[in-house]
Amino acid sequence: MEYVRLRMGRFAAGLLATFVVGVAVLLGTAAPASAHASLTRTDPSSGAILQSAPASITLSFTEGVRPVAERIQVIGPDKARADSGTPRVNGTDLSIPLARNLGKGTYLVTFRVISADSHPIGGSFTFSIGQPSANAPTADTSVGERADPVVAGALGVARWLGYAGLVLIAGPLIFLARLWPRRLSRTVPARLLAAGLGVTTLATVAEMYLQGPYSAGNGIFDVSSTALEDALSGSFGAAHAVRLGVLAAVSVLIRPFLRPEPPSTVDQAVLAFLAVVGIGTWPLSGHPAASPVPAVSMVADAAHVGAMAVWMGGLLLLILVVLRRANATELGAILPVWSQWAMLCVITLTITGTASAIIEVSEFGKLFDSTYGKLVLGKAALLAVIVGIAYFSRRLVLRFAAASVPPDDDDEDVADVEEAEPPARPLRRLILVELAITGVVLGLAAALVQTPPARTANAAVPGPYTVTLTSDKSLVRVELEPAKVGGNSMHLYAYTRTGTPQSVVEWKASITPTSGSVEPIEIPILPITPDHSVGEPIFPDPGEYELKITVRISDIDQSTLSARLTVR
């Protein structure tokens, strides 16, 4: 037994060293990329004033995207659609064709696309032809990313059920293939297998359906054939279709595993191949497929999911059947082997989880200031507790295995060895706690799939802040871009109450943080035309600010207008 422990320790150390070196090499040579597509530029740019109408609008992203056609539109100053034709994707660029003979005024562009990791992203921005409209639409940069909370919640539940179903499949299969005693009935593992196949199939179909309204931003029953086609036309749809095919094949090919005789090597090889293909569909439809090092991310994620399924599934079968019904001789053969497998699963989970965190978080600080990072920390903390419990379980198993070996004549603990009994009851308690905690871990894993990676959570280009302020004599339209910490560009347009351009004698502007007792920060204003001026405000910190604009249109007519804005 000491030899087995030494050999497993050397194997674990070698595996860890090899993996760390491989990750370091691949990370060192990888080109920067984004696991969650971000908008990098638009043509025309946000807030631009054009002299003539463009033929199309181009949006550039950090990676290839798929358009959600029914959520891409251009609204003109008359509130009518100004786009014409189908949006087209060329590499990382999305092109929106426009109608001919567009009139003067401000146009609102709204978009929604699906990134490579199956997450919807989007937003809106404005540009003007000739001059801005007095009652121009306001850009809302978050509108494209909103998802119905019921849909998002249902999708999270479906993903959790997918993981749970995989656990119910993996545990029984690996026990029936290698560790199941001939004396025991195979009814319980057979039922668990059937339940696992049914739950995973149901979860997969539910995910495929829910991805339609999730991508389009609609309600759970508000889904069109176009939205489903947009959602399932990429890797997400292909991965889930393959998963359904694998589940169907497994449901037919598991019969040899349910017979009293051990399955043949060919049967086991076929199921092993299907297992690799099936587990590979999870990373193919998530963040790993779009990471900077997709090969490492996808292998790591697949290994992580597989190790989780084998470990949890094996524990479930142990507590339900093996520890209750197997005799001492059978447990003496099963528990040491299972203990080695469980240790390999723990090592795999630790290595692959660390590698994925390094890739998807990228910066240590983002572990604490991003939703994704906090979920990773929570999952890691729970896994640490589980590993601690597994350590005590392994000690019980090793003690029992050592006691099962015939002692030497000079062994002082002969009496203890002869009285050794299988540690079934304490193991059941420990395993029950492990399963309870890992159920929560599965929930965190499902949440991580729906959360943008920490290193891309703030990667999107901040959108402009636009607002129209009203006084008794004037309308002032404010366009501030990009509304973030540091230097910004601000355009001010003055109109009369009837909407015609208004000449301004003098402009004044200032910003003041709403928190604390900070003096107003004056903004130098440069007139461009009688009704149009520009400024370059500098925001020292993120947070909420009060923007004040003073407009003097004659020696006796002056108005001060204010608005609040949030700076990121």
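What follows is calculated from the coordinates using simple rules that are stated; it is not laboratory data. Source: prediction; values computed, not measured. Note that each Cβ is placed from the backbone with ideal geometry, even for glycine, and that neighbours are counted across all protein chains shown.
Which whole-Hz couplings ³J(HN,Hα) result when phi for each residue of segment 190-201 is put into the Karplus expression 6.51 cos²θ - 1.76 cosθ + 1.60, θ = phi - 60°, listed in order with x for Gly and Pro?
5, 5, 4, 4, 4, 5, x, 5, x, 5, 5, 5
Restricting to bridges with both residues inside segment 39-144, how much of the DSSP beta-bridge set is antiparallel, in percent to the nearest 5? Write out the running numbers ahead of the final one.
On the way: 29 of 31 bridges.
Counting only bridges with both partners in segment 39-144, antiparallel ones make up about 95 percent.
If a/c stays under 1.5 just call it rounded; otherwise compare a/b with b/c (prolate if a/b is bigger, oblate if not). Do that for segment 465-567, with a ≥ b ≥ c from the square roots of the Cα gyration tensor eigenvalues. Don't jump to the answer; show the numbers that get you there.
Numbers: a/c = 1.94, a/b = 1.74, b/c = 1.11.
Prolate.
With a 10 Å Cβ neighbour count serving as the proxy for reagent exposure, in which order, fewest first, do ILE523, ILE549 appear? Please report the intermediate quantities before stating the final value.
Working: ILE523 20, ILE549 25.
Exposure proxy ranking, most exposed first: ILE523, ILE549.
Set the Förster radius R0 to 60 Å, insert the Cβ-Cβ distance between VAL242 and ASP555 as r into 1/(1 + (r/R0)^6), and round the FRET efficiency to 0.05. Display every interim value, and only then the final one.
Numbers: r = 76 Å, r/R0 = 1.26.
E between VAL242 and ASP555, to the nearest 0.05, is 0.20.
Going through segment 188-292, which chymotrypsin sites (Phe, Trp or Tyr not before Pro) have at most 16 other Cβ atoms within 10 Å and a DSSP loop state? If you can, show how the numbers build up before the last one.
Numbers: sites: TYR209, TYR214, PHE221, PHE236, PHE257, PHE273; in loops: PHE221.
Listed in order of number, the matching sites are PHE221.
Please list, in order, the residues from segment 163-194 whose amide nitrogen is less than 11 Å from a point placed 7 Å along the Cα→Cβ vector of SER251.
It comes to 194, nothing else.
Cross-link partners among lysines for LYS508, C-alpha distance below 19 Å, same-chain residues fewer than 8 apart left out?
LYS473, LYS548
May I ask you to list the trypsin sites (Lys or Arg not before Pro) in segment 473-512 that are in a DSSP loop and have at most 15 other Cβ atoms within 10 Å of their Cβ? Please report the intermediate quantities before stating the final value.
Numbers: sites: LYS473, ARG477, LYS484, ARG497, LYS508; in loops: LYS473, LYS484, ARG497.
Those that pass, being in a loop and sparsely packed, are LYS473, ARG497.
So which lysines pass the test for LYS374, namely a Cα distance under 16 Å, with those fewer than 8 places away in the same chain ruled out?
Qualifying lysines at Cα under 16 Å: LYS366.
Pulled fully out, how much extra length does the chain show between VAL518 and ASP541, if you take 0.36 nm times their separation in residues and subtract their Cα-Cα distance?
Going from the current span to full extension adds 7.1 nm.
Would you mind computing, in nm to one decimal, how far apart the modelled labels at THR86 and GLU261 are, each placed 7 Å from Cα along Cα→Cβ?
For the pair THR86/GLU261, the computed spacing is 5.6 nm.
Neighbouring Cβ atoms within 10 Å as the yardstick, rank THR204, THR500 fewest first. Numbers along the way, then the final one.
Numbers: THR204 23, THR500 10.
So the residues, fewest neighbours to most, are THR500, THR204.
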